[in-house]
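Reviewing the structure listed below.
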Amino acid sequence: MKSASRTQRFARAGTFALAAVILVCVHAATRGDVRVGAAASAAVAAAAPGAPPIPYRTHESAPAAAALPAPGGRDTALATPPVPRPASTPCTVELFRGVEMITAFLAFFGDDTRFPYAPPPACPGPWAKVVLKVALRNADPSSYLDGVALAQLSIGGVPLYAGGAQDNDVPTHWRAERDVTDYAAVLRAPGEGVLEIAGQPRYTLFNAPYYVSATLLFYPAGPDHPAPRVPDAAYSLAPELGWRAVRTPEGALAARLDLPRNIERAYLDVMAQARYDDLFWFTCLPDAQRAAFPELRSRLAIGTGRLGLEGDAPPQGCGGGSFRELQVHVDGQPAGVAPVFPRVHPQFNALWTAAPLLQPAPPPQALNFMPYRIDLTPFAGLLSDGAPHEVRLSVAGRESAAEYPDFQLAGTLLVYRDRGRAQVTGRVTRNTLAPRPPAPRVTSTLARDPAGVVSGGVHTRAARSYAIEGYVDTSRGRIRSTVERRARFDNLIAPRARGGAGGSETYDVGIDLESRIEGVSRRRLGATLLAEDREFVAYPLTLAYRPRGVWLRQAFVQRSERWRPGRTRHYTRLEHEADLGYVAGPAGAPAAVWRGTQRYLFRDSYASCYRVDLVAAGGALQDYRAGAGCPDGVNRLYWAAHPDGSPDGLDWAER
């Protein structure tokens, strides 16, 4: 009944102005413990019922010092925190500076598409932390026409950065930072790297060049900032570039790997970036509903179709259903799943652009995409048997074999070796993960009224739980590992459409999406608990769309609780919420609505406290406040913290 009332409210709102649709969408996300906006805090609290509040301890944490953006500015303003650093002087390796990119392809460095890399001679390691800094700029305000979907950088075939592009009505600059310490095994030796900007520019050329610079900062270990226990090796599933576009029936990225024979732990960092036909996958309707109601294929709908040579717009929208899930297989065995983050591209329709929606402050992960880490430790014994092993990453969810997932996939296998034994043995002892995802439950209330208006809702739900157990016989004895996860997908699409000619065609839609995963991983040596990691991740999204108007509320919610011997339990809490709206005005007139707010909050039990609140209006920053609710009103971050939501294996606690 709850979903039916949401559908009815979406449908009724279609008869009013877009503002009414917006309000309905804002109040429609009431599915329990994950909601967008102010209620996201409840999501975090509900992630681990009964969990104690974060106990703040006295640890060294440095102010997250950075010049605050000035109100009135129209260039990119970010709520996200910088990567915290040790209080030491780093060795700097400039990968490249001001590389010009005029086409949507790999960057050229002279006559080659690869740049050379060498570790810093003055800092041979081990390193306390390694930070990648990427800076991008474009001088043409019409760069939104390039349809840039993503930018990517890798070294040695291992992806170190992936993100999108920012479009402002002034010359645009944006930056991104990534903690790449876990990939130190790749950075210890000389190699080559690649850079790519992918998009759909007309006539293959960008409206104006993009200029990209990248630098690695290596922080030497010291008494106050010791080197963490990083993975001993990293293996890319796409060693040529670091990523691969997949558009096949199975939508898979697979690699056959020769691995060491003494693996004690294993993890897979995965990224899935939607492209082209799947760019708006969370708006895709089931094929049956699209066939029954041709009005839903309106040229006014959300879609990636480009204008024809005569300026005519093709039918838009997508089919195959809206369920998507990342799956991992090891030698054909299901090994783990992950939710797909719903990145929002502002080019909703070829007839108009919503690029201003993201100016000056883009929503979560728009410019800096975080990998999700899947625990494969129960497979450590199997992976150590000396035979080649296939690790496969795929996107599941398309209901039609004729329509393939269209994603850019990246996967990096990280392994920790037993330093006291050249060969270990073990096996998987229990695996309840089904080989295929359960078919999502789809219910529809779509109907056509006597006036020819199609309205109602399509509700897609999927949920599953699993446990995988295994052991590995190490130099310390038999270590048993258990991974338990619960995943849930819940999406409501509520369109309202009417066909017609001569300007009588109408279309609007509301989207209410929740995608989440939670669970616990444990490792035991006999009766002794070695590690316990609890996690909760949610990607709520609410979208209200009508031609020439869109409202977006999106959040990235993450909570973790980790324990290691001799350490107090380590708690983290991250919430990044964005509320953005844009309604274009009449031709030549200012926008009727152009505003946005954001809140970024990170705390951990090592005295980290970071909060930024910003307000934008008319494409300019109106207010930017930092440190609200933190001690002394100052943002502070523990040097080993991961306030951006990147994977944190607590390696700094396992030296």
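Given a 1.4 angstrom probe, what's the average accessible area per residue across the chain, in square angstrom? Let's see the in-between values first.
Numbers: 24290 Å² over 655 residues.
Result: 37 Å² per residue.
Distant-in-sequence amide contacts of Phe96, defined by a placed amide H-H separation under 5 Å and a gap of 5 or more residues or a different chain, comprise Ala214.
Of the peptides 646-652, 112-118, the order by per-residue mean of other Cβ atoms within 10 Å, starting with the highest, comes out as 646-652, 112-118. Look at the dipole of the range 91-633 built from charges on Cβ: of Val246, Ala338, Val212, the Cα furthest out on the positive end belongs to Ala338.
What order, most packed first, do the peptides 161-168, 75-82, 516-523 have when packing is the mean number of other Cβ atoms within 10 Å of each residue? Each step should come with its number before you reach the end.
Numbers: 161-168: 24.5, 75-82: 22.2, 516-523: 19.6.
Ranking the peptides 161-168, 75-82, 516-523 by packing returns 161-168, 75-82, 516-523.
What you get for the range 462-595, charging only the Cβ of Lys and Arg (+1) and of Asp and Glu (-1), is a dipole of about 620 debye around the Cα centre. Working note: Karplus 6.51/-1.76/1.60 with θ = phi - 60° gives the range 559-576 the couplings 9, 9, 9, 10, 9, 9, x, x, 10, 5, 3, 9, 10, 9, 8, 9, 9, 10 Hz, where Gly and Pro are set to x.
With charges set only on the Cβ (+1 for Lys and Arg, -1 for Asp and Glu), what does the dipole of the range 91-633 come to about its Cα centre, in debye to the nearest 20?
Working: 62 positive and 56 negative charges, 337 e Å.
In debye, rounded to 20, the range 91-633 gives about 1620.
Taking the protein heavy atoms of the range 91-633 in the context of the full set of protein chains, the accessible area attributed to carbon and sulfur is 51 percent at 1.4 Å. Considering every Cα-Cα pair within the range 445-540, what fraction, in whole percent, is farther apart than 23 Å? Summing the P(r) tail past 23 Å for the range 445-540 gives 55 percent. Start at zero, step by 5 Å, and the Cα-Cα distances of the range 267-351 spread as 3, 13, 20, 19, 15, 12, 8, 6, 3, 1, 0 percent across the bins.
Taking the highest mean first, how do the peptides 86-96, 632-642 order by number of other beta carbon atoms within 10 angstrom per residue? The partial results should precede the final answer.
On the way: 86-96: 15.7, 632-642: 20.1.
Top of the packing list down: 632-642, 86-96.
Across all directions, the shadow cast by the convex hull of the range 138-275 built on its C-alpha atoms averages 11.5 square nanometres.
Remark on the chain: Rg and Dmax equal 24.3, 77 Å (Cα only).
Tell me whether the range 489-536 comes out rounded, prolate or oblate; compute the Cα gyration tensor, take square roots of the eigenvalues as a ≥ b ≥ c, and use a/c under 1.5 as the rounded threshold. The shape class here is prolate.
The values are calculated or read from the model by the stated rules, or taken from the named source; none is laboratory data. Please read all numbers here as calculations on a predicted model, not as lab measurements. Note that each Cβ is placed from the backbone with ideal geometry, even for glycine, and that neighbours are counted across all protein chains shown. Surface accessibility is based on the protein's heavy atoms, side chains included, excluding ligands, DNA and RNA. Shrake-Rupley method; radii C 1.70, N 1.55, O 1.52, S 1.80 Å.
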